[in-house]
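The values are calculated or read from the model by the stated rules, or taken from the named source; none is laboratory data. These numbers were taken from a predicted model, which means no experiment stands behind them. Here the Cβ positions follow ideal geometry from the backbone for every residue, glycine too, while neighbour counts run over all protein chains shown.
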Protein chains: 2
Amino acid sequence: MDTALDLQEPLTDDELRRVDAYWRAANYLTVGQIYLLDNPLLRQPLAPEHIKPRLLGHWGTSPGLNLLYAHLNRVIVARDLNAMFITGPGHGGPAIVANTWLEGTWTERYPGVGRDESGMARLFRQFSFPGGIPSHVAAEVPGSIHEGGELGYALSHAYGAAFDHPDLVVACVIGDGEAETGPLAGSWLSNVFLNPARDGAVLPILHLNGFKIANPTVLARIPEQDLLELMRGYGYQPYVVAGDDPARVHQALAATLDRALDEIADIQRRARSGDAVERPRWPMIILRTPKGWTGPREVDGAPVEGTFRSHQVPLAEVRSNPAHLAELERWLRGYRPEELFDATGSPVEELLSLPPRGDRRMSANPVTNGGSVLRDLTLPDFRDYAIDVPRPGEPMAGATGVLGGWIRDVIAANPETFRLFGPDEIASNRLGAAFDVTGRTWVAATVPGDEHLSPDGRVMEVLSEHLCQGWLEGYLLTGRHGVFTSYEAFIHIVDSMVNQHAKWLKVTRGIGWRQPLASLNYLLSSHVWRQDHNGFSHQDPGFIDHVVNKKAEVVRVYLPPDANSLLSTMDHCLRSRHYINVVVAGKQPAPNWLTMSEAIQHTRRGLGIWDWASTDAGSEPDVVLACCGDVPTLETLAAADLLRQHLPELKVRLVNVVDLMRLQPPSEHPHGLPDKEFDTIFTADRPIIFAYHGYPWLIHRLTYRRTNHGNLHVRGYKEEGTTTTPFDMVMLNDLDRFHLVIDVIDRVPGLAARAAHLRQHMVDTRQACRDYTRQYGEDDPRVAEWRWVRETEPGLRSGA
Amino acid sequence: MDTALDLQEPLTDDELRRVDAYWRAANYLTVGQIYLLDNPLLRQPLAPEHIKPRLLGHWGTSPGLNLLYAHLNRVIVARDLNAMFITGPGHGGPAIVANTWLEGTWTERYPGVGRDESGMARLFRQFSFPGGIPSHVAAEVPGSIHEGGELGYALSHAYGAAFDHPDLVVACVIGDGEAETGPLAGSWLSNVFLNPARDGAVLPILHLNGFKIANPTVLARIPEQDLLELMRGYGYQPYVVAGDDPARVHQALAATLDRALDEIADIQRRARSGDAVERPRWPMIILRTPKGWTGPREVDGAPVEGTFRSHQVPLAEVRSNPAHLAELERWLRGYRPEELFDATGSPVEELLSLPPRGDRRMSANPVTNGGSVLRDLTLPDFRDYAIDVPRPGEPMAGATGVLGGWIRDVIAANPETFRLFGPDEIASNRLGAAFDVTGRTWVAATVPGDEHLSPDGRVMEVLSEHLCQGWLEGYLLTGRHGVFTSYEAFIHIVDSMVNQHAKWLKVTRGIGWRQPLASLNYLLSSHVWRQDHNGFSHQDPGFIDHVVNKKAEVVRVYLPPDANSLLSTMDHCLRSRHYINVVVAGKQPAPNWLTMSEAIQHTRRGLGIWDWASTDAGSEPDVVLACCGDVPTLETLAAADLLRQHLPELKVRLVNVVDLMRLQPPSEHPHGLPDKEFDTIFTADRPIIFAYHGYPWLIHRLTYRRTNHGNLHVRGYKEEGTTTTPFDMVMLNDLDRFHLVIDVIDRVPGLAARAAHLRQHMVDTRQACRDYTRQYGEDDPRVAEWRWVRETEPGLRSGA
């Protein structure tokens, strides 16, 4: 320990008694939730029928959480703090539920569970019980923004919550199990990105209770001097509170919290004095107390308190083993419930007076119900950023680069409620226009020549998808907006985090008092088809498949084919609520197809026939060429042109899909196109050659119940790739224009014989392209030789 | 810097000159690969036609990699070290390729690329060129076990390679970009799990070149004192080498490498002296040199060397901009190629003499071609671990618990080539029998009461799926075997790592000199249907979907229905090569169905009809009940029993699927069942009610091209869940026996009217079960009331 805080005794005897009583009450209520079906106040001797038939819950971490919660309540009142609590050991659900019930918030949210004896019985019964509440600190728990079922994200969530909330103190408990995860280990240095002048504070509390499910924890077993150096290395000032004597730990923790909060106040005062902002040494606390503290010391001869055996349910056979039952009763009565709850079962006045009031209660802090404080973004009119598309195919412009101008102005117009996140890929993904109006958040050292670094930057760049995701989730969950842009392949790094956020969104749709959040928006660029530099390791379009497994009411996937449609799509996403929006768009110069008014109409519909590229003239076509994604759209249009040149009598319909979910029936997804409309567009019986951005079978899945799915033939990415040219990539995966023409010839009845020559020509052309590429290292010039349909039939263009 | 190593000058003038020449040669070859299509030795003035049409590659990190490689070569020779090199900044592909060519390994592996002028031209041309080699340190590069396209795993791979290779020194370069990732940050403390007596050494080299693609790096900008404390906190002894004067850096790096290797030798000597093994303070190196060192200082007026602008191709317009061309020529000639390569283009003798010989070359170390040193496991006969199954449904036994006995003996029989990995879930997943013969690897402190911790433990437990995966990959890639067991939901945490490993396996199938590796085996337990404790956050069966997107020749998925079939499956997996095997199995007590001989037959077939549970007596059934996964199998058998009781005339065929890939046609997967066999089993036209463990549409996908897929009706997980009872979980997702009966009634033509009463009875029973569960907190006893089919018709059992 760096200082002699453990010798201080800031609590008066009265304060000590009160905070200890509060802690005992929370511990009692925690154990009650895990075990009791009835007899909540032990007014009768404990009997087997009072015990739940299935004992589920996690005791081990709970007394530590209760201790911290009680002490934080003390300092919140003393300092009138605006604080919230993040429970990294989220399986300590009963502890946090207990505290919210003591604070009154639980009853306010769930009036059926009163702060009295029958309410306490309901509180106990509902926990980890069918039809009740989950065992973790789930979305049902007031004050929680963090489930904690999957470990690793507590600290990044905490920082995300603190950004742009200058008065907020986020107390973040990190279990020593969670601390072993990569994402958590990578989160400590978030303090390089926290501006003490305009952001709030994060107070990390590393809870070393020493054990995981079955193992000691690493950080509890390295030398304490190493641990202190580690925390100092991360840029923190660590304070250790250790012990197993409650009275001493109460005093040490109180002194340490006072010290830490004094330092936070000092840091903020200095940073807000007008001087240049520098990265301060923020305080953090290491709390070393026994796992399962105050629980059974031994069970059946084996030590339990202070060991991994207290992780879940220390006494497992309470219904059948009278010794266990007696031990449970001793344990519960040891908290002296008769001193804690009055005759009605309500907490005694002394307990009621300890926590803060109203919104100052951590469980009632409005930012923890982010939707309740969410304000709409001020969005510049995206139409003003349109590029002029005089005719389909012109001009060449990268979609994300065009979007960048709008994003820049979104940032400027919403200086406190919107941030752009990315793993060092903002410029690479062509959103660099943002740097016209803001910098990258950076509070560490700078050197001459640095570009666009600023403590006030609105762009968050760190080479960690986990941090980007965790920060953004924390930011959204506390009522703000954001966009995460990443290379398409590497967004898989956060697959599991997306799972958890999707689950949160799904569950909170069913919790009346939780207001909708801003959507989690992904802009995926540097996609599978254009990894010219990076090759196979950077090629994976499977994130779409991953999110499509989530609940339909939560996920949306868009693949706008060009710049104007990307603008329209992103505007929609930033206005939407409580979704996960996945937008995939290219960054490389590419042809543009749609005027802004066409783009608006097309993206609103989500899919549609492009008349100007079709030759069916409104009649039933011989074949439907469908496409989804910018590169497949280009190849499909080129294929349509080849067909038009070589088989002018063939009636081709070209359909472009932006909103992937439109392909599903309405019974499967709210965006689903009605069957009748689907059949009108895709026909009931003609071959459909579908060129898709990602893994082909997803299209089969989405259209599985459609009338014509038996005639659907999908091309897409089939895991073939390397460092090569853009056209070689589509050839490797049989998505190229020449192969699409071959597919048409092979699929349209009667065409094979008639078009045998063309088919061979396509085969030869592919080979020639491949040979050229292998020899010259660039794409065969002939792939740029095709004409736009509109050149031959300008009148076909809608609106022309 | 802790010591005055920067004042030492261990290199003689001659040594200094030679190591510098080697470095210059590697740098020259690096730049040549990025830029030159021809004129490799600059025998003519450089002209635009000598330049590649598309400039792809990463220069920035390369000079640092070349520096380290050259210096490591020096110490390998001096100490006769057994060393390998892991290139965390894997996009520095041309640097490592250059070194392998200098060492001769490239030419040995690819005789078409000789160590002469024409070979050099081919070397240059092939790099990042269509038909050539990828730009990263890919599988094509001799000595590489680590592609490095996706950042974060260098250090965990390094530790994985070092385990059980006592003589190996793994030099692991970590870029300061990669160091920001969570997985890398979580890897440093791997030293808690490295036994200096029986494992090799890892020498981490943190290369601070200061910049990522577009940003400074965090670790380069925190105070150096913090960085040193951070490394000490992780348990290392850091040594800093910093500078931009080559001569001084050469001396400092040489002195530091000598010091570090001396310390490693000391540590190993002490640990191997017979005394108790303690966690030593391993050395690590911080190398702070400019990004793009020795490249262009400025381009078009902007600083390049030492900035993010040197990340990829510093001179971008060499073909079109004469000033860029001239600058490139100056840059290349600055390395004085005429001193480095002789008239034939071969490296001069002085260069050839610097690197080690034969297998001592890092690029030729046999362990880096793991398959070449892989030996078969000694596998105890799994049949000896069978449980006796006197009749289907008995006894109740958890599958993984039975497997645990066999795993225990696999560990004991292969004390140097097999490890079991898991994120603190080995005991939870019921594989605790392993601890009868071994401990958990642990080199940190222990306290009384600790169980099964040992520096020699063969079980690797850390609360990080990333570390488990990275260690195991490193272990497999260097020629050993292992199993990773995890909770099913959280294996998504390593989705992206699995992607990269699958890509490695796919690519290396096409590289003749790469020998097949042991398969990457997942045993997923604590699965979606039995998260009684943990609820919704722990429920996700989507990892199967994720891996099925990978190349069919690489992935295998098994869902054995009981203990004996799990034994047979795991034996198969541990004998297999170069696959990703995903095995999903339950840990909870559950009925067992198959005797060992039946299990062997069934798992070999991969799927099959269970005659003893069918009532079609070999004739064409009215309905097929298919099932895959232990819980769906139980519910399907119960449904079959209900149908038998209530609709005895209905001909039901029960099919169980173990090997999911059997469902695909042979054209899609090598395990695919021929269409004719498939139709024989699943019929051509009868309804199939398929109860599946995971997301239902995967079954649709796999059977998409089968004759009868239009009659397929799949039940599975549809993202409904919470903390509840096992039977309530299947009810929430409509996978329960009662609902399966309803599905049969609704699907079999003509049954709806005949069985209306039964249908209503099923609806009522479901409601009653739900009500009971909500009231009593446990499953309705009636779900245990069904009978096994064999009780009524014992003769039906095959082999009876």
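Structure values in brief
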quantity: Positions within the range A:94-135 being within 13 Å of chain B (Cβ to nearest Cβ) and within 21 Å of A:V367 (Cβ to Cβ), in sequence order; calculated: A:V97
quantity: Any pair with Cβ under 8 angstrom, 6 or more apart, that starts in the range A:43-63 at a residue that is more than 10 Å from chain B (Cβ to nearest Cβ) and closer than 16 Å to A:W331 by Cβ and ends at one that is buried (at least 22 other Cβ atoms within 10 Å of the Cβ) and among the charged types (D, E, K, R); calculated: A:G60/A:K291
quantity: Residue check for B:P134: free of Cβ contacts under 8 Å to residues at least 40 places away in the same chain and in contact with an Asp or Glu (Cβ under 9 Å, 6 or more places away or on another chain); calculated: no
quantity: B:A214 being within 13 Å of another protein chain (Cβ to nearest Cβ), touching a Leu at 6+ places or on another chain (Cβ under 8 Å), in contact (Cβ under 8 Å) with a residue 12 or more places away in the chain and within 30 Å of A:S454 (Cβ to Cβ); calculated: no
quantity: Given (1) facing another protein chain (nearest Cβ under 10 Å); (2) surrounded by fewer than 22 Cβ atoms within 10 Å (Cβ to Cβ); (3) modelled with pLDDT of 95 or more, number of the condition B:P448 does not satisfy; calculated: (3)
quantity: Filter pass, B:A197 being out of contact with any His (no Cβ under 8 Å at 6 or more places or on another chain), in contact (Cβ under 8 Å) with a residue 12 or more places away in the chain, assigned by TED's automatic domain parsing to the domain that holds B:N66 and part of a helix (DSSP H, G or I); calculated: no
quantity: Yes/no for A:I511 being within 30 Å of B:E720 (Cα to Cα) and in a loop (DSSP other than H, G, I, E, B); calculated: yes
quantity: Meets criteria (in contact with a strand residue (DSSP E or B) (Cβ under 6 Å, 6 or more places away or on another chain) and either assigned by TED's automatic domain parsing to the domain that holds A:P89 or surrounded by fewer than 24 Cβ atoms within 10 Å (Cβ to Cβ) (or both)) for A:V192; calculated: no
quantity: Residue in the range B:23-33 that is out of contact with any Lys or Arg (no Cβ under 7 Å at 6 or more places or on another chain), among the polar types (S, T, N, Q), farther than 20 Å from B:G306 by Cα and within 13 Å of another protein chain (Cβ to nearest Cβ) present; calculated: yes
quantity: Residue within the range B:181-194 that is in contact (Cβ under 8 Å) with a residue 60 or more places away in the chain and more than 12 Å from chain A (Cβ to nearest Cβ) present; calculated: yes
quantity: Residue list for the range B:433-447, filter: without any contact (Cβ under 8 Å) to a residue 60 or more places away in the chain and either assigned by TED's automatic domain parsing to the domain that holds B:D199 or touching a Gly at 6+ places or on another chain (Cβ under 6 Å) (or both); calculated: B:A433, B:T438, B:G439, B:R440
quantity: Subset of the range B:472-497 (residues that are more than 9 Å from chain A (Cβ to nearest Cβ) and either among the small types (G, A, S) or part of a helix (DSSP H, G or I) (or both)); calculated: B:L472, B:E473, B:G474, B:Y475, B:L476, B:L477, B:G479, B:G482, B:S486
quantity: Unique residue being in contact (Cβ under 8 Å) with a residue 12 or more places away in the chain and closer than 23 Å to B:P696 by Cα when the list is A:H527, A:H546; calculated: A:H546
quantity: Some residue of the range B:747-766 being farther than 20 Å from B:A585 by Cα, among the hydroxyl-bearing types (S, T, Y) and surrounded by fewer than 21 Cβ atoms within 10 Å (Cβ to Cβ); calculated: yes
quantity: Total residues in the range A:20-39, condition in a helix (DSSP H, G or I) and either outside the structural domain of A:E317 (by TED's automatic domain parsing) or more than 36 Å from the chain's Cα centre (by Cα) (or both); calculated: 2
quantity: The range B:320-340, residues that are outside any helix (DSSP H, G or I) and either outside the structural domain of B:W23 (by TED's automatic domain parsing) or within 41 Å of the chain's Cα centre (by Cα) (or both); calculated: B:Y335
quantity: Subset of the range A:15-53 [of a type in the set (K, R) and either under 30 Å from A:L253 (Cα atoms) or out of contact with any helix residue (DSSP H, G or I) (no Cβ under 8 Å at 6 or more places or on another chain) (or both)]; calculated: A:R17, A:R18, A:R24, A:R43
quantity: Hey, A:G149 at pLDDT 95 or above, within 14 Å of chain B (Cβ to nearest Cβ) and surrounded by 24 or more Cβ atoms within 10 Å (Cβ to Cβ) or not; calculated: no
quantity: Failed criterion for B:G274 (all others in (1) buried (at least 19 other Cβ atoms within 10 Å of the Cβ); (2) without any contact (Cβ under 8 Å) to a residue 24 or more places away in the chain hold); calculated: (1)
quantity: Options A:A95, A:A78, A:A83: the member that is surrounded by fewer than 23 Cβ atoms within 10 Å (Cβ to Cβ), small (G, A, S) and within 24 Å of A:V202 (Cα to Cα); calculated: A:A78
quantity: Test result for A:G160, closer than 30 Å to A:A343 by Cβ, among the small types (G, A, S), part of a helix (DSSP H, G or I) and touching a residue at least 40 places away in the same chain (Cβ under 8 Å); calculated: no
quantity: Qualifying position, being basic (K, R) and in contact with a strand residue (DSSP E or B) (Cβ under 9 Å, 6 or more places away or on another chain), among B:R509, B:R514, B:R458; calculated: B:R458
quantity: Spans of helices (runs of 4 or more DSSP H) in the range B:201-277 with at least 1 residues of a type in the set (S, T, N, Q); calculated: B:224-233, B:246-271
quantity: Sole exception among (1) under 22 Å from B:V348 (Cα atoms); (2) surrounded by fewer than 20 Cβ atoms within 10 Å (Cβ to Cβ); (3) small (G, A, S) for B:G131, by number; calculated: (1)
quantity: Hits in the range B:323-359 - residues which are surrounded by fewer than 17 Cβ atoms within 10 Å (Cβ to Cβ) and within 30 Å of B:G474 (Cα to Cα); calculated: B:R357, B:G358, B:D359
quantity: Single match in B:A242, B:A171, B:A252 (criterion: surrounded by fewer than 24 Cβ atoms within 10 Å (Cβ to Cβ), more than 12 Å from every other protein chain (Cβ to nearest Cβ) and touching a residue at least 24 places away in the same chain (Cβ under 8 Å)); calculated: B:A242
quantity: Residue within the range B:389-408 that is within 21 Å of the chain's Cα centre (by Cα) and either of a type in the set (A, V, I, L, M, F, W, C) or away from every other protein chain (no Cβ under 14 Å) (or both) present; calculated: yes
